[in-house]
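Asks: Below you'll find the structure I mean.
Just so it is clear, none of the values below were taken in a lab; they were calculated from the coordinates. Worth saying up front: this structure is predicted, and the values here are computed from it rather than measured. We place every Cβ from the backbone using ideal geometry, glycine too, and count neighbours over all the protein chains shown.
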Amino acid sequence: SAVISQKPSRDICQRGTSLTIQCQVDSQVTMMFWYRQQPGQSLTLIATANQGSEATYESGFVIDKFPISRPNLTFSTLTVSNMSPEDSSIYLCSATGSDTEAFFGQGTRLTVV
Amino acid sequence: AQRVTQPEKLLSVFKGAPVELKCNYSYSGSPELFWYVQYSRQRLQLLLRHISRESIKGFTADLNKGETSFHLKKPFAQEEDSAMYYCALRGTGRRALTFGSGTRLQVQP
């Protein structure tokens with residue numbers, strides 16, 4: 001199994017600013033992902049974080065708004081740029097290993113005011 | 001396109017009653033299906049997956065390809081089963097999951 005640490009766990013940010021969320025996995029994993037969970041809704045995949053190269057974004061998400069880094073196998077960051085109140089959500093980091101089970105961080109609850 | 005549908009936002013039952021959380025999916029190939037659970041103030045965690053065909057905490061789920069369903073069942077609900085349950089699908093060649101909207105299960109004493 002893998003344990004995922006995500007920080008910050010929550011933040012309140014001013015509109016127009018940016019927040020970087022960090023995700024650290026305690027073991028080597030194959031894939032890392034970032035999801036968004038808007039209030040009262042399900043998890044939506046933002047992007048797949050690729051080691052050493054640009055992330056693969058899902059429809060509706062762009063690199064300028066959600067830049068992602070993954071410098072090594074166990075660490076990734078997601079930045080929410082130029083924030084607006086519509087970006088208020090829970091952001092979740094996820095990782096899968098060789099057995100395909102997906103593990104999740106505890107989430108970052110972001111409120112934009 | 002792949003889609004997961006959980007028709008019930010909330011399911012409330014009494015302790016000891018049977019539980020069935022519904023999940024239907026849409027996918028053209030052979031998917032992997034999962035149930036994830038999120039207890040209060042805890043992170044999302046895997047409950048079970050169809051390829052394992054196992055029972056976890058008394059829960060079972062059978063993949064019905066004809067009905068494209070993967071309903072989660074438990075014969076006797078316990079109060080500690082109260083949580084948010086998400087059905088999820090992984091398509092062929094993808095590692096990311098597609099989630100349903102979730103069902104909140106409330107087990108009353």
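Asks: Which residue, B:Thr98, B:Thr68, B:Thr60, has the most motion in a Gaussian network model of chain B that connects Cα atoms within less than 10 Å?
Replies: Highest fluctuation among the options: B:Thr68.
Asks: Can you count the Lys pairs in chain B whose Cα atoms are under 15 Å apart, with each pair 8 or more apart or on different chains?
Replies: The result is 9.
Asks: Output the relative contact order of chain B, whole-number percent, from Cα pairs under 8 angstrom with separation of 6+ residues.
Replies: Reported as a whole number, the value is 39 percent.
Asks: Still on this model: Could you work out which residue, out of B:Arg53, B:Arg90, B:Arg43, moves most in a Gaussian network model of chain B, that is, has the largest mean-square fluctuation with Cα springs under 10 Å?
Replies: So, out of B:Arg53, B:Arg90, B:Arg43, the one fluctuating most is B:Arg43.
Asks: Assigning unit charges at the beta carbon (Lys, Arg +1; Asp, Glu -1) and nothing else, what dipole magnitude in debye, to the nearest 20, does chain B show about its Cα centre?
Replies: 340 debye
Asks: Sort B:9-18, A:98-107 by packing, meaning the average of other beta carbons within 10 Å per residue, with the highest value first.
Replies: The most tightly packed comes first, giving A:98-107, B:9-18.
Asks: Counting other C-beta atoms within 10 Å, and keeping those with at most 13, which DSSP coil trypsin sites (Lys or Arg not before Pro) do you find in the range A:1-44?
Replies: A:Arg15
Asks: Quick query: amide H of A:Ser88 versus all other amide H atoms, modeled in the peptide plane; which residues come in under 5 Å with a sequence gap of 5 or more or a different chain?
Replies: Amide H neighbours of A:Ser88: A:Val112.
Asks: Working from the pairwise distances between different alpha carbons, so that the mean of 1/r is found and then inverted, what is the protein assembly as shown's Kirkwood radius in Å?
Replies: Averaging 1/r across every pair of different Cα atoms and inverting gives 18.1 Å.
Asks: Average partner chain C-beta neighbours within 10 Å, per residue of A:2-9?
Replies: 0
Asks: What whole-number distance in Å separates the alpha-carbon centres of the range A:83-110 and the range B:1-69?
Replies: With the range A:83-110 and the range B:1-69 each reduced to a Cα centre, they are spaced 20 Å.
Asks: Where Lys and Arg each count +1 and Asp and Glu each count -1, what net charge lies around A:Ile90 among other residues with Cβ under 10 Å from its Cβ?
Replies: Local charge sum for A:Ile90: +3.
Asks: May I pose another question? Would you mind counting up the charge near A:Ser42? Only other residues with Cβ under 13 Å from its Cβ, with Lys and Arg at +1 and Asp and Glu at -1.
Replies: Summing Lys/Arg as +1 and Asp/Glu as -1 gives +4.
Asks: Below 8 Å, C-alpha to C-alpha, sequence gap of six or more: please give me the relative contact order for chain A in percent.
Replies: Relative contact order for chain A comes out at 38 percent.
Asks: Which of B:Ser52, A:Ser53 comes first, and how do the rest follow, when ranked by fewest Cβ neighbours within 10 Å?
Replies: The order, fewest Cβ neighbours first, is A:Ser53, B:Ser52.
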